[in-house]
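The values are calculated or read from the model by the stated rules, or taken from the named source; none is laboratory data. All figures in this text were calculated on a predicted structure; none of them were measured in a lab. Side chains included, ligands, DNA and RNA excluded: accessible areas come from the protein's heavy atoms. Shrake-Rupley method; radii C 1.70, N 1.55, O 1.52, S 1.80 Å.
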Amino acid sequence: MADHPLAGEHHPSPASSAATALGPLLLLPSELLHEILIRLAVPELLRVRSVARPLSSLISSPDFRRLYHLSSASSGPGPAAAWLLLFKKLPPRDAAIRGFHGPSGRWFRIPVSAILAPAVPPGEDLYFLAASGSSFLFAANGRRELVVVDLTARAARRLPPSPLGPRGTSSWRRFGLKLVADPPGSSRFRFLFAELVNNTPFLFEYRSETDTWRQSEAALAEGATTPASPDGTFLCAAHAGPDCVMVYSGPGAAGDDAPLFFRPRFPNAAGHGGDRLHVYGDGCAAVVRSAAVDDPATTSRVGRVKVVAGVELYGFGGAVGGDWELVAAVPGELVEGFRKPYAVMTGLLAEREGVVRLVLISNCRGAWDLVWLSYDRARREWRWVPVPDWGGSKGLNMAGIAVSSTFSRLWPAPSSPSTTSSSSHQ
């Protein structure tokens, strides 16, 4: 399946032609127009706004924005309420993020090359770390620095080095970092990551508002006596299979809100033994059990591959310092739907507003496959949405993946009539 270009990637029709083509649509009552437009993905709305000036004022109005954001926030517990974002390793001049939109079941191309150009020299090796709201964070391997892209402002800038100094892309671990729009819906953000420094857990935090870093040594949590705040952040400072060091930051932590660390254990042997992949994120852990099978593409046992046999989700039960507790297991009939052969697999885990999202990325004979699952804690319900291939996964040199439930709420300010753009806001 081909990905869909965004506004500005090809020449729009003149406003007069668009108005003529949309004539019957413009005669509809505003309430009905709202119902039609809120069903579009953000990139589609931006394209409609760019080619149809009669609809631009309606789409940009505060009332419609509010209606669209509410619709996005309540669009369901599963992947439909979020975006899957993937970055393919290309020269900076061709850099683009692919975004999969759950409700429409389609991929969109989000061009970022023109935005990155002033901050990233030619030939730089980029890796996509995280996304939140309008901010996309990249690590530059050559210059060993961080670069943030603001899609709303269409600007990119380099962050000052962290207290640990310049870091290459291999130094950043997905389970140990988080990007947070703060406050939600704004272009300001916080970037947090946890690391072991001389075997001691530390939390590092960057605030865009002050353009400064802060580092804090984590204190050992004394048992499961500290309640976890909904505004708190869990990061994995280190892990080796089922063994990990978790760092918690937020209200209820040690004195002056200093971070806490602890080493949770899985019940019995749930996280140990056999072929298991452990994925950590936002105070959750997913254990993916696999089984070896004969590769249907070969006749030799040398070519054996794996298939997923089961997926379990664990959490802390609302307390900091405790052990892992089983939350739910993916039903067997759901697992059967995505049991495809693979050779290697990794994962991404995130939770927002009571919905846990798990992405499994696997490769078999050079072809990538994506499995997107979500678990709604309130409904105790698992969902799986098949992610179609956009036509570029064979031989894909993947350079970062993220899930963002705030991307659909991004709303760039409308351009002035005298301003033209060579690429989309999003």
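Here are the numbers for this structure:
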| read-out | value |
| --- | --- |
| Three-way shape call for segment 305-390 based on the alpha-carbon gyration tensor, with the a/c threshold at 1.5 | prolate |
| In order through segment 350-359: 3J(HN,Hα) via Karplus (6.51 cos²θ - 1.76 cosθ + 1.60), integer Hz, x for Gly, Pro | 8, 10, 8, 6, x, 10, 9, 10, 10, 10 |
| Karplus-derived HN-Hα couplings along segment 59-64 (A = 6.51, B = -1.76, C = 1.60, θ = phi - 60°), whole Hz, x at Gly and Pro | 5, 8, 6, x, 4, 5 |
| Euclidean distance of C-alpha centroids, segment 141-186 and segment 336-382, integer Å | 25 Å |
| Solvent-accessible area of LEU27 with every protein chain in place, 1.4 Å probe, in Å² to the nearest 10 | 150 Å² |
| Straight-distance crosslink candidates among aspartates and glutamates, where the alpha carbon sits under 20 Å from LYS88 and sequence neighbours closer than 8 are dropped | ASP3, GLU9, GLU124, ASP125, GLU145, ASP150, ASP369, ASP389 |
| Accessible area (Å², 1.4 Å probe, nearest 10) - THR346 | 60 Å² |
| Whole-Hz couplings from phi, Karplus 6.51/-1.76/1.60, listed for segment 280-289; x for Gly and Pro | 10, x, 6, x, 10, 9, 10, 10, 9, 8 |
| Shape of segment 111-167, Cα gyration tensor, a/c cut at 1.5 | oblate |
| Three-way shape label, segment 116-234, alpha-carbon gyration tensor, a/c 1.5 | oblate |
